[in-house]
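S.K.: Take a look at this one; I'll ask things after.
The values are calculated or read from the model by the stated rules, or taken from the named source; none is laboratory data. Just so we're clear, the structure is a prediction, and the values are computed from it rather than from any experiment. Reconstructed Cβ throughout: ideal geometry from the backbone, glycine too, with neighbour counts over all protein chains shown.
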Amino acid sequence: MNYKQLCKQILQKDNAIRFAGVATVEENNAAEEYQEGLVPLLTREESELSIMQPVIRTSTRKTFESKLGKTIYSYTEYQKIKRASFVLYNQET
């Protein structure tokens, strides 16, 4: 899967989407894109950490997967932004 292209497609869905990023356990920060002309709220280093945090959170949710099912997405609302994190499963999982 071309993660950079996926990020661009997400941003094209709505101008209100500020940022799209993809992280994988294997590659850490696989891709990221900002909406054109946008001033990022986070530094590059903060952004990379911000992308990895949902990966870590998702791994902690595996504890209840057998009873609740796999995580589909999580949503967090901050004072300045709303953030949705989606899990992309490969065919084997």
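S.K.: Out of LYS70, LYS8, I need the residue that is assigned to a loop (DSSP other than H, G, I, E, B) and of a type outside the set (Ser, Thr, Tyr). Which one?
M.R.: Values: LYS8 fails: assigned to a loop (DSSP other than H, G, I, E, B).
Just a single option satisfies the conditions, and that option is LYS70.
S.K.: Go through (1) at pLDDT 90 or above; (2) surrounded by 10 or more Cβ atoms within 10 Å (Cβ to Cβ) and name the single condition GLY69 misses.
M.R.: That leaves (2) as the condition not met.
S.K.: Here is a follow-up. Would it be correct to say that LYS80 is touching a residue at least 24 places away in the same chain (Cβ under 8 Å), loosely packed, with under 10 Cβ neighbours inside 10 Å and farther than 20 Å from GLN12 by Cα? Steps first, please.
M.R.: Numbers: touching a residue at least 24 places away in the same chain (Cβ under 8 Å): yes; loosely packed, with under 10 Cβ neighbours inside 10 Å: yes; farther than 20 Å from GLN12 by Cα: yes.
Taking the combined requirement at face value, the residue satisfies it.
S.K.: Then there's this: For the range 1-30, how many residues meet the condition of being touching a helix residue (DSSP H, G or I) at 6+ places or on another chain (Cβ under 7 Å), on the phi < 0 side of the Ramachandran plot and either modelled with pLDDT under 90 or hydroxyl-bearing (Ser, Thr, Tyr) (or both)?
M.R.: At the first step, the residues of the range 1-30 found to be touching a helix residue (DSSP H, G or I) at 6+ places or on another chain (Cβ under 7 Å) are 17, 20-23, 25, 28-30.
Remaining after also requiring on the phi < 0 side of the Ramachandran plot: 17, 20-23, 25, 29-30.
Remaining after also requiring either modelled with pLDDT under 90 or hydroxyl-bearing (Ser, Thr, Tyr) (or both): 21-23, 25, 29-30.
Of the residues in the range 1-30, 6 are touching a helix residue (DSSP H, G or I) at 6+ places or on another chain (Cβ under 7 Å), on the phi < 0 side of the Ramachandran plot and either modelled with pLDDT under 90 or hydroxyl-bearing (Ser, Thr, Tyr) (or both).
S.K.: Here is a follow-up. Going through the range 17-67 one residue at a time, which ones are part of a loop (DSSP other than H, G, I, E, B) and closer than 20 Å to MET1 by Cα?
M.R.: Filtering the range 17-67 for residues part of a loop (DSSP other than H, G, I, E, B) gives 17-18, 25-27, 35-43.
Of everything in the range 17-67, those that are part of a loop (DSSP other than H, G, I, E, B) and closer than 20 Å to MET1 by Cα turn out to be VAL25, GLU26, GLU27.
S.K.: Please work out which residue is farthest from LYS80 (Cα to Cα), limiting yourself to the range 39-59 and to residues that are at pLDDT 90 or above and among the hydrophobic types (A, V, I, L, M, F, W, C).
M.R.: VAL39
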